[in-house]
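Contents: one structure, followed by commentary.
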Amino acid sequence: MKNVKRFLSFVLLLCLTVGCFSGCELPDFLQSLIPEAPTEPQDTEPPIVELPEWIDFVEQAKLDMNSSTAKLEVTVKLFVDGDTTHFFVPESISADRTLKARYIAVNTPESTGQIEEWGKKASNFTREKLSNAESIMIESNTDQWERDSSGGRHMAWVWYKPKGETEYRNLNLELVQNGLSLASGSTTDLYGNLTQRAYTQAKQYKLNAFSGQPDPDFYYGGQIQTDLKTLRTNTALFENKDVVFDGIIVRNNSQTVYVESYDEETDMYYGMNVYYGYTSGEIDNILKVGNEVRIVGNVQYWEGGGTWQVTDIHYSAFDPDDPENIKLLGTGHVASNRVTDPDTFLNGKVTLNVPKDLESDETEEKTFDYAHLALSTSIRMENLYVKSIYTTNNGGDNDGAMTFTCTTADGQTVDVRTTVLRKADKTLYTKDDFLNKTISVTGIVDYFSGDYQIKVFSAKNIEIQ
């Protein structure tokens, strides 16, 4: 075998030598034995792409006050997201003096509910432009105010005049031009041709949503990014799912923090209790009352309390940038302690459009108890007469905790549940300290044994009138 290899090597060397001078081709079986010559390194830099000249399409759009389209000067009532704003209008336009405007030719990423990349930037863009406007005009495609497919919003072009300027700018077109809209409507719309061209240009220039870059305001972990309003109104959709949301910590008790956030559209606070268990180190610094925190955890139904909670939160000091960590966003916040009258707390109803599922934009109308929506949020209720008190005494850690049965001026009943309350000398507060007295309380909306109640964690939060 060695002799055969030596013979082939000799033949190959001979043929290469001859081939170098004669230019003859080698047989295929010998050609395959020749190692490939090293290739020259190639230039790996991508070719430079010439972009078309930038055009400011917003400058080209002009508001014609003499055209036949419906127009109205308005002020903002409520910012919802990038492409929806509620405006104050005369009663002749809407009985409740509110026009819910859905921006024509614009579809910004979601910034409420299940949050999407670039949604918060689009929402902030709209808020900043209109908040600093000297004047705002809305315009319809026609001479009538047309409704969208949901029937609850009116389609509008939104114009704003920056302070110190003389001309209005088209905000719909500006959102598209800045790459903050995922679509551009139809060319049959009033300014449809401009929005189509602005949309194409934004994609060519790879602006914001088309940049291919990460959104600095978006959470890129594997969890579902949502908000507390969506989580509270449709909790069952998230059962056993990992979620991420932001909120203010307003109470911390028994390895549980209560987190709340404000929703402008409904003028309500929404909350969730978050069980963190036994922890130490940096996580305890993050979970302090008054901190704004990004919570990352799992949604579970707590059979013991008959309520929902978020669990399985953690923080790794060895990997502080781990997207599954809880995260401190800010400090120095205070609880809302929303002053609530007993009738609203006991009998109030709120009707909302909520998502049908987590995969589509479809919504359905649902009516909730006010107290259900306010669960785990901070609350204050005044002028409650303590009619009777039950004191826990079953040999456990809660011995001494009390439940006040309180009545109101109009005869309604509100329950107030306390933790074990101690005086400065470490002795317990008892029913004798509160019975037959009128009090104001500050606590958390809680649910126990089929009823909503107010849970109080400190004697300082019970004021005797």
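The values are calculated or read from the model by the stated rules, or taken from the named source; none is laboratory data. Owing to the predicted nature of the structure, the values given are computational and were not obtained by experimental measurement. When we count neighbours, we look across all protein chains shown, and the Cβ atoms used for this are built from the backbone with ideal geometry, even at glycine. With ligands, DNA and RNA removed, areas are computed over all heavy atoms of the protein, side chains included. Shrake-Rupley method; radii C 1.70, N 1.55, O 1.52, S 1.80 Å.
Numbers for the structure displayed
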read-out	value
Conditions (1) closer than 30 Å to Lys241 by Cβ; (2) without any contact (Cβ under 8 Å) to a residue 40 or more places away in the chain: number failed by Asn132	(1)
Qualifying residue in region 174-181 (condition: open to solvent by less than 70 Å² (accessible area, probe 1.4 Å), among the β-branched types (Val, Ile, Thr) and within 30 Å of Thr235 (Cα to Cα))	no
Residue within region 393-406 that is of a type in the set (Ser, Thr, Tyr) and over 37 Å from the mean Cα position of the chain (by Cα) present	yes
Strands (runs of 3 or more DSSP E) lying entirely in region 70-114 (those with 2 or more residues that are open to solvent by 30 Å² or more (accessible area, probe 1.4 Å))	71-81, 98-103
Selected residue (only one of Glu324, Glu365 is part of a loop (DSSP other than H, G, I, E, B) and open to solvent by 80 Å² or more (accessible area, probe 1.4 Å))	Glu324
Residue in region 288-295 that is within 30 Å of Phe125 (Cβ to Cβ), open to solvent by less than 10 Å² (accessible area, probe 1.4 Å), touching a helix residue (DSSP H, G or I) at 6+ places or on another chain (Cβ under 9 Å) and not acidic (Asp, Glu) present	yes
Boolean, Gly281 is small (Gly, Ala, Ser), without any contact (Cβ under 8 Å) to a residue 60 or more places away in the chain, open to solvent by 20 Å² or more (accessible area, probe 1.4 Å) and more than 19 Å from Glu239 (Cβ to Cβ)	yes
All positions within region 141-175 that are part of a loop (DSSP other than H, G, I, E, B), in contact with an Asp or Glu (Cβ under 8 Å, 6 or more places away or on another chain) and closer than 22 Å to Ser94 by Cβ	Asn141
Test: residue in region 130-139 that is open to solvent by less than 30 Å² (accessible area, probe 1.4 Å), in contact with a His (Cβ under 9 Å, 6 or more places away or on another chain), over 20 Å from Thr188 (Cα atoms) and assigned to a strand (DSSP E or B)	no
Of residues in region 334-349 being open to solvent by less than 40 Å² (accessible area, probe 1.4 Å) and outside any loop (DSSP other than H, G, I, E, B), the one nearest to Gly113 (Cα to Cα)	Phe345
Residue in region 373-385 that is touching a helix residue (DSSP H, G or I) at 6+ places or on another chain (Cβ under 7 Å) and either polar (S, T, N, Q) or over 27 Å from Glu110 (Cβ atoms) (or both) present	yes
Qualifying residues in region 350-362 (those that are over 23 Å from Arg338 (Cα atoms) and open to solvent by less than 40 Å² (accessible area, probe 1.4 Å)) - the one modelled with the highest pLDDT	Val354
Any hit, region 451-461, residues being under 32 Å from the mean Cα position of the chain (by Cα) and at pLDDT below 95	yes
The one condition in (1) at pLDDT 95 or above; (2) part of a strand (DSSP E or B); (3) under 17 Å from Asn273 (Cβ atoms) that Ser376 fails to fulfil	(2)
Residues being closer than 30 Å to Gly450 by Cα and without any contact (Cβ under 8 Å) to a residue 12 or more places away in the chain - total across region 303-335	2
Among residues of region 337-360, those that are farther than 30 Å from Cys406 by Cα, of a type outside the set (S, T, N, Q) and touching a residue at least 12 places away in the same chain (Cβ under 8 Å), counted	5
Which numbered condition Tyr168 fails, given (1) more than 29 Å from the chain's Cα centre (by Cα); (2) more than 21 Å from Asn124 (Cα to Cα)	(2)
Cross-chain or 6+ apart pairs with Cβ under 6 Å, region 450-465 first and under 18 Å from Ala371 (Cβ atoms), then open to solvent by 30 Å² or more (accessible area, probe 1.4 Å)	Gln453/Asp415; Gln453/Arg417; Gln453/Asp446; Lys455/Arg417; Lys455/Asp446
Only listed residue being among the small types (Gly, Ala, Ser) and crowded, with 23+ Cβ neighbours inside 10 Å, chosen from Ser211, Ser184, Ser150	Ser184
Only listed residue being in contact with a strand residue (DSSP E or B) (Cβ under 6 Å, 6 or more places away or on another chain), surrounded by fewer than 18 Cβ atoms within 10 Å (Cβ to Cβ), modelled with pLDDT of 95 or more and not polar (S, T, N, Q), chosen from Lys161, Lys206	Lys161
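Condition check ((1) among the hydrophobic types (A, V, I, L, M, F, W, C); (2) within 27 Å of Leu346 (Cβ to Cβ); (3) without any contact (Cβ under 8 Å) to a residue 24 or more places away in the chain) across all residues:
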{"site": "Tyr385", "(1), (2), (3)": "no, yes, no"}
{"site": "Ile389", "(1), (2), (3)": "yes, yes, no"}
{"site": "Asp399", "(1), (2), (3)": "no, no, yes"}
{"site": "Thr407", "(1), (2), (3)": "no, yes, yes"}
{"site": "Thr419", "(1), (2), (3)": "no, yes, no"}
{"site": "Thr427", "(1), (2), (3)": "no, no, yes"}
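Yes/no matrix, rows are residues, columns are (1) open to solvent by 50 Å² or more (accessible area, probe 1.4 Å); (2) over 21 Å from Tyr269 (Cβ atoms); (3) outside any strand (DSSP E or B):
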{"site": "Asp399", "(1), (2), (3)": "no, yes, yes"}
{"site": "Cys406", "(1), (2), (3)": "no, yes, no"}
{"site": "Asp415", "(1), (2), (3)": "no, no, no"}
{"site": "Lys426", "(1), (2), (3)": "yes, yes, yes"}
{"site": "Asp432", "(1), (2), (3)": "yes, yes, yes"}
{"site": "Ser440", "(1), (2), (3)": "no, no, no"}
{"site": "Gly443", "(1), (2), (3)": "no, no, no"}
{"site": "Tyr447", "(1), (2), (3)": "yes, no, no"}
{"site": "Tyr452", "(1), (2), (3)": "yes, no, no"}
